[in-house]
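Single-structure report; data block below.
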Amino acid sequence: MTNSTLATAADADGAAAAPLSHRRILTILSGLLLAVFLAALDQNIVSVAIVKIANSLHGFEEQAWATTAYLITATIATPLYGKLADIYGRKPCYLIAIGVFVIGSAACAFATSMYQLAGFRAVQGIGAGGLMSLALTIIGDIVPARERVRYQGYFMMVFGIATVVGPVLGGFFSDYERLIGLDGWRWVFLVNVPIGALALLVVAKWLDVPFVRQRQRIDWPGGLALTAAVVPLLIVAEQGRDWGWDSRRALLCYGIAAVGALAFLLIEALMREAALIPLRLFRSGTFGIAILAGFIVGIAMFGGITMVPLYLQVVRGYSPTTAGLLMLPLVLGIMVGAQGAGLVTKYTGRYKVLPVLGTFVMAVGAGLFARVEFDSPMWQIMVYTTVIGFGLGGCMQTLIIAAQNACPPADMGVSTAAATFFRQMGGTLGVAVFLTILFNLLPERIVRAFGGQLPPGLDGAGLERIQSDTTAMAALPAQLREPILIGFTESVQGVFWVATGVSLLACLVLMFMKEIPLLEDRPAPPVATPAAGTVLDADELPLTGRVRDRDDNPVPETVLTLIDQHGHQVSRSTGNSHGEYTIGAPEPGAYVLIVAAGGHQPSAVSVTVGHRPQRLDLTLPGAGELTGVVRSALRGDPLAGATITLTDPRGDVVGTAVTAPDGGYVCHGVVSGTYTLVAVADHMRPRATTLTVPDSGLLRHDVELAPMAVLTGFAWADEGRPVPDAQITVLDAAGDVTATTRTDTTGHYTVPDLPSGEYTVVARGYPPMTGRVAVDSGEVTHDVRLGYFSDDVPSPA
């Protein structure tokens with residue numbers, strides 16, 4: 001479990017925090033968009049210039065690693081940024097992401113070999129991993145859910161613009177041998193520096209999101225396991241066509257990835273709340289389906305978009321710069337779709353229908369493009385790409401909203417990062433699979449275009465040369481070039497038919513997604529007998545909800561405090577016995593809600609209050625957890641049904657537990673400090689132990705209990721009759737009295753719970769008789785004989 005500490009930044013003049021106006025949000029948004037533009041631009045601009053870069057650095061065969069290194073680190077860093085942002089805050093993590101990206105870009109500009117460039121691109125990727133996901137998280141913090149799709153739609157617009165501008169700038173810089181004293185291609189990376197510096201300035205100055213730092217472990221083992229699971233798959237995605245998807249190296253990568261994935265799941269289960277991607281998030285069917293649909297949409301989106309410029313350059317003969325400009329209709333479709341989805345969500349509060357329709361429209365657009373011929377008029381291509389963009393814009397950010405809305409506000413960072421991570425993984429898989437399909441179809445389609453047989457001078461080696469370097473087609477005569485272009489077009493058609501099926505699959509999956517009402521639209525249920533302090537002023541904006549523990553039980557009598565961005569208290573309230581609460585905000589804006597209850601860890605979440613009543617249900621974790629196993633000291637067997645009692649230094653009981661069949665116990669709600677643990681079990685010697693629980697509240701303590709024996713027997717007189725009411729005294733090896741009992745009417749006695757050892761049994765009723773007996777665990781029988789004996793009659797033993 002984790003503890004939360006509040007860091008306040010009280011303003012000197014005590015002014016109240018102003019709500020975030022549309023203008024203020026746009027100012028923050030401008031810095032976020034600049035950072036997102038950096039990441040999107042870099043992916044597109046480098047792909048155009050990479051051949052020129054490889055030739056300049058004499059590393060043509062190693063050029064793929066410049067892309068792979070970036071892809072690996074960016075993908076792995078994405079969930080890490082999400083978790084770190086939930087622990088340390090959005091602003092510092094975002095500034096670090098931008099800074100690392102800018103440093104990596106500057107280093108790439110001065111690389112002297114392809115290996116150096118790959119290393120610096122890896123640094124770039126570390127920064128890029130946080131640029132998109134943290135931007136979406138920050139918007140989730142400062143904008144109410146109904147408004148969020150509209151603002152997040154700007155990110156799709158920027159992504160689309162970068163798709164156009166990237167190839168244009170890449171081609172422009174690559175065309176220059178020298179530009180302002182440097183190789184032209186080096187400006188591909190240097191252009192990021194001023195844009196990144198401006199983004200840093202805007203974010204540092206204007207981004208002010210209220211945040212409560214969480215004292216929580218960082219899931220480094222989970223990060224390593226995720227790296228082991230993802231990196232081999234990314235390498236295969238990049239190298240699979242050259243290696244062969246069933247080659248020995250590919251199979252080795254699959255095996256490593258499978259082991260890494262299994263280790264990641266086990267580690268996440270063990271790390272629980274500190275997990276990189278907490279598995280409890282997937283208990284929400286809405287979150288799980290949003291993640292799965294985002295993965296599938298990523299396959300269709302990235303894979304399909306990759307095919308369009310390929311068709312324009314290879315079949316229609318356009319340069320990379322011109323092909324980039326011809327992607328403008330796709331960008332226009334994305335803009336219109338994203339803004340349309342934002343308006344629908346804002347005015348209706350509904351969002352499920354948007355990704356369902358969006359993926360269906362994507363399928364329609366992909367199906368239309370699958371009918372494009374090598375000489376189709378350009379207006380058809382422009383219309384079809386617009387349709388694809390419109391569907392894409394309508395669903396991408398809505399899926400992020402669905403994932404965010406399905407999780408508690410405290411998980412905004414990890415939920416957004418998880419959605420972005422799986423979408424990136426889908427995109428990587430989509431590009432690899434679609435390119436493989438394209439080049440697998442190409443030879444057969446070219447042969448078919450030639451009438452079933454290749455002409456003289458164009459053998460299998462010639463086809464392989466064309467596949468590896470499509471510019472070789474320019475040297476072919478027209479009668480040979482046209483069938484090849486027809487074959488390439490038909491291969492692209494095959495890929496778009498697959499994209500159509502993938503889009504329809506995403507549409508089908510989304511139909512099963514349950515729509516959770518957006519935060520501002522959740523109807524407030526009747527609140528039973530509000531506690532004192534919950535009567536709001538007429539002009540206050542109500543925030544209501546229920547506080548539950550991890551087992552979904554209501555947490556009664558919670559204390560709630562609402563603070564503004566400067567740490568000033570603006571409202572205070574207490575919950576009722578059913579865990580329900582009502583607290584008022586003085587005006588719309590961003591706040592932090594602090595919740596505390598006895599026996600639970602204090603929690604704080606960022607909330608954005610709008611003009612409408614809002615409902616926010618909260619989960620309050622226990623303050624800590626003491627776990628362990630109770631075993632027998634004799635054989636080590638677990639003891640079921642043992643009672644564990646935990647007392648504080650004053651002797652007050654603060655926790656109890658009963659062991660399960662495996663001997664395990666759990667005491668919830670433990671804070672740091674010193675305690676006395678007492679373990680009691682049938683026929684076992686009770687044991688008390690002093691424990692010190694660390695600040696984390698997490699401690700494991702196993703207990704061993706020594707078994708106790710039962711001593712039974714009869715007291716007999718010399719005539720063989722039983723002696724009732726005889727006193728039986730048991731002395732230990734030191735002569736101290738361990739137990740005393742009396743016989744019943746049948747002369748029978750029982751002394752329970754004797755520790756293992758040797759004892760002296762003294763019976764009184766006639767002249768006292770003594771006897772030695774050794775006991776272990778279980779039941780031991782020892783009869784005593786009372787009476788007057790001659791000297792030659794031995795005493796009973």
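Only Cα pairs under 8 Å and 6+ residues apart enter the sum, and on that basis the relative contact order of segment 98-247 stands at 27 percent.
Within segment 102-175, the chymotrypsin sites (Phe, Trp or Tyr not before Pro) that combine a DSSP coil assignment with at most 16 other C-beta atoms in a 10 angstrom radius are Phe110. Within straight-line reach of Lys514, meaning a Cα separation under 17 Å, sit the following lysines at least 8 residues removed in sequence or on another chain: Lys352. At full extension, Ser376 and Phe439 could sit 20.5 nm farther apart than now, given 0.36 nm per residue minus the alpha carbon distance.
Annotation: for a label point projected 7 angstrom from Cα along Cα→Cβ of Thr746, residues of segment 708-727 with backbone N closer than 19 Å are 710-717, 720-727.
Under 5 Å from the amide H of Gly673 lie the amide H atoms of Val693, each residue being 5 or more positions distant or on a separate chain, with H modelled from the backbone and absent for Pro and chain starts. Relative protection proxy for 486-497, 376-387, 663-674, from highest mean packing down: 486-497, 663-674, 376-387 (other beta-carbon atoms within 10 angstrom).
Distances between placed amide hydrogens fall under 5 Å for Leu618 paired with Arg546, Val547, Arg548, all partners being 5 or more residues away or on another chain. Compared with the direct C-alpha span, the chain from Phe282 to Thr647 gains 127.7 nm at full extension, assuming 0.36 nm per residue.
The Asp783 and Lys205 beta-carbon pair, evaluated with R₀ = 60 Å, returns a calculated FRET efficiency of approximately 0.05. Taking the centroid of alpha carbons for each part, segment 319-336 and segment 78-134 are 27 Å apart. The phi torsions of segment 755-760, fed into the Karplus equation with coefficients 6.51, -1.76 and 1.60 and a -60° offset, translate into couplings of x, 4, x, 9, 9, 10 Hz, rounded to whole numbers, with Gly and Pro shown as x. Distance between the modelled labels on Thr627 and Thr760, one decimal in nanometres: 5.0 nm (7 Å Cα→Cβ projection). Each residue of segment 416-429 was assigned a 3J(HN,Hα) from its phi angle through the Karplus expression (A = 6.51, B = -1.76, C = 1.60, θ = phi - 60°), giving 5, 5, 5, 5, 5, 4, 5, 5, 5, 4, x, x, 4, 5 Hz with x at Gly and Pro.
For Lys205, the lysines whose Cα falls under 18 Å of its own Cα, not counting residues fewer than eight places away in the same chain, are Lys91. For Ala585, the residues whose modelled amide H falls within less than 5 Å of its own, excluding neighbours fewer than 5 places apart on the same chain, are Leu541, Leu543. Rg then Dmax, both in Å and based on the Cα atoms of segment 264-422: 18.4, 58.
Could you compute how fast segment 220-275 diffuses translationally, taking Rh as the Kirkwood radius over C-alpha pairs and applying Stokes-Einstein at 20 °C with viscosity 1.002 mPa s? Give it in µm² per second.
184 µm²/s
Beta bridges assigned by DSSP with both partners in segment 625-705 are antiparallel in approximately 80 percent of cases.
Extending 7 Å from Cα along the Cβ direction at Ser247 and again at Asp702 yields two label points whose distance is 4.9 nm. Taking 7 Å steps out from each Cα toward its Cβ at Arg635 and Phe110 produces label points 7.3 nm apart.
Each reported figure results from applying straightforward, stated rules to the coordinates on display, with no laboratory input. Since the structure is predicted, the reported quantities are computational estimates derived from the model, not experimental observations. Reconstructed Cβ throughout: ideal geometry from the backbone, glycine too, with neighbour counts over all protein chains shown.
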